[in-house]
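The structure under discussion appears below in the form of structure tokens.
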Ligand SMILES: *Cc1c(COP(=O)(O)O)cnc(C)c1O
């Protein structure tokens with residue numbers, strides 16, 4: 001009772017200031033106090049410090065880290081803040097290097113965000129449903145309540161219902177656009193309502209943004225201090241086995257992410273390799289173009305197969321399709337050595353299979369097998 005009264009008062013104060021701000025600047029900036037949202041132990045954390053980086057460029061003899069001094073390529077600990085790699089990413093993404101945190105896939109920042117902001121058995125997370133399952137798994141691992149809010153029947157986002165699920169203990173909202181497994185984009189106005197209506201952390205997972213016709217939410221970082229945008233090298237960049245993901249956020253948030261992550265989470269092989277790969281942005285774009293063409297060709301061919309009841313619109317490198325019996329089709333495809341993703345048991349996805357767009361040959365193989373079922 002006391003909590004919720006306090007929450008309502010603070011919400012009123014926030015709206016009041018936002019109103020004044022919008023009058024004076026005509027800009028709907030949402031600047032929230034991040035430290036207030038952070039768990040107390042994390043706020044007070046004295047992070048592990050790698051002393052070497054305070055003396056970068058000053059010292060030339062490094063006897064501080066008990067490394068093997070032999071001059072082989074990987075005898076030194078890697079840069080814990082990956083400065084060279086971030087400088088390159090910052091240019092491509094048009095953000096400040098300090099707004100980037102790099103993780104072992106985007107799965108690492110997903111887990112870190114929950115650990116930084118959500119007190120186990122006390123705070124909660126609100127997320128759209130269906131969506132990427134890792135948010136739920138990480139919440140469960142961390143003993144944090146995970147509140148699912150169903151999408152509309154057409155898989156669109158209902159900001160009002162998301163905000164209704166929020167209470168004084170909600171620290172994080174997870175959104176995903178284009179969404180996995182529904183393949184669609186979340187409407188900009190609905191997302192804006194959530195950005196403007198929630199004084200906490202809003203995660204926008206953009207794993208499939210390279211395939212989308214809409215721009216990234218990265219542009220909004222400076223206007224919404226609680227926004228975290230996740231992107232990854234695992235999909236369009238073709239580097240899933242490298243395990244490198246990006247979290248973009250205000251310096252306040254990246255500071256906490258960097259303090260809580262393992263100091264040397266991104267090894268030097270990965271830092272160098274991803275840095276090299278960034279020079280081939282043109283190749284990535286060529287792949288994206290090819291996959292988008294293939295997606296349309298595949299959708300066209302699937303549409304002609306009577307077994308396929310529905311193909312959902314896609315802004316990603318996969319198609320969600322509906323069949324009469326997803327388990328049956330899935331198993332029959334397996335027996336023909338084709339693996340797709342069975343989403344039959346996911347909410348709102350009864351009868352659905354998620355099909356990654358492959359090469360022209362692979363897609364053709366799939367289509368031929370489906371025709372014979
Ligand atoms: C594939 C995917 C990711 C990528 O995770 P990584 O750990 O970076 O490989 C993140 N979010 C969504 C929604 C995905 O589908």
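Nothing in this text is a laboratory measurement; each read-out follows from the coordinates by a stated rule. A quick note: this is a predicted structure, and the numbers were derived from the prediction, not measured. Glycine also receives a Cβ, built like all others from the backbone with ideal geometry; neighbour counts cover every protein chain displayed.
Could you give the length gained by full extension between residue 371 and residue 259, i.e. 0.36 nm per residue of separation minus their alpha carbon distance, to one decimal place?
Numbers: separation 112, 0.36 × 112 = 40.32 nm, distance 5.34 nm.
That works out to 35.0 nm of additional length.
Looking at the range 149-293, the DSSP beta bridges with both ends there are about 30 percent antiparallel.
Across the chain, Cα pairs under 8 Å and at least six residues apart give a relative contact order of 17 percent.
What does the C-alpha gyration tensor say about the overall shape of the chain? Classify as rounded when a/c is under 1.5, otherwise prolate if a/b is larger than b/c, or oblate.
Details: a/c = 1.93, a/b = 1.20, b/c = 1.62.
Since a/c reaches 1.5 but b/c is at least a/b, the shape of the chain is classed as oblate.
Take each of the peptides 51-63, 355-367, average the number of other beta-carbon atoms within 10 Å over its residues, and list them starting from the highest.
Working: 51-63: 9.3, 355-367: 16.5.
Final packing ranking: 355-367, 51-63.
Label separation (residue 219 vs residue 362): 3.3 nm, computed from points 7 Å beyond Cα along the C-beta direction. For the range 30-81 and the range 128-188, what is the separation of their Cα centres, given in Å? Spelled out, the Cα-based centre of one part sits 34 Å from the other.
Under the rule a/c < 1.5 gives rounded, and otherwise a/b versus b/c splits prolate from oblate, where does the range 255-307 land using the Cα gyration tensor? Intermediate values should be presented prior to the final figure.
On the way: a/c = 4.41, a/b = 2.22, b/c = 1.98.
It comes out prolate by the Cα gyration axes.
Of all beta bridges that DSSP places with both ends in the chain, some 45 percent have antiparallel geometry.
Can you give the helix-only mean residue ellipticity at 222 nm for the chain, where every DSSP H stretch with n ≥ 4 adds -39500 (n - 2.57) and the sum goes over all residues, rounded to the nearest 500 deg cm²/dmol? Spell out each step's value before the answer.
Details: 13 runs with 145 residues, N = 373.
Value at 222 nm, helices only, nearest 500: -12000 deg cm²/dmol.
The distance from the alpha carbon centre of the range 299-356 to that of the range 253-270 is 38 Å, rounded to a whole number. In this label model, residue 252 and residue 48 are separated by 2.8 nm, measuring between points 7 Å along each Cα→Cβ vector.
For the pair residue 336 and residue 160, a Förster radius of 56 Å applied to the C-beta separation gives a FRET efficiency near 0.80, rounded to the nearest 0.05. Given the options 214, 271, 82, which has the most mean-square fluctuation in a GNM of the chain, springs set between C-alpha atoms less than 10 angstrom apart? Its mean-square fluctuation being the largest, the pick is 214.
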